[in-house]
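A short write-up of the structure that comes next.
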Amino acid sequence: MSSTPVSTGPHTFRLTASFGAADLLSDDFDIAAALGRADAALYAAKRSGRDCVRTFSKLDEPMQSATRSN
């Protein structure tokens, strides 16, 4: 992900984003649990220094890095 400066008047901002994603398997009907996994992935991304993506899958290790760029 890249961060492009945005200027508004005399101020310049650099916007970044962190994302968390979770697998929703066909046999996984517990939406609350899937949202909890996505939320855990999002906070893992933020703890990793922000501006990155983390995924959470029931099939893999609990959390793994997908991408990160500065």
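The values are calculated or read from the model by the stated rules, or taken from the named source; none is laboratory data. Values in this document were obtained by computation on a predicted structure and should not be read as measured data. In this analysis, Cβ positions are derived from the backbone assuming ideal geometry, glycine residues included, and neighbour counts consider all displayed protein chains. Remember, those area values only see protein heavy atoms, side chains included, never the ligands or the DNA or RNA. Shrake-Rupley method; radii C 1.70, N 1.55, O 1.52, S 1.80 Å.
Summary of values
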read-out: Computed accessible area, residue 13, all protein chains, 1.4 angstrom probe, square angstrom; value: 100 Å²
read-out: Positive minus negative residues near residue 20 (Lys, Arg vs Asp, Glu; Cβ under 10 Å); value: +2
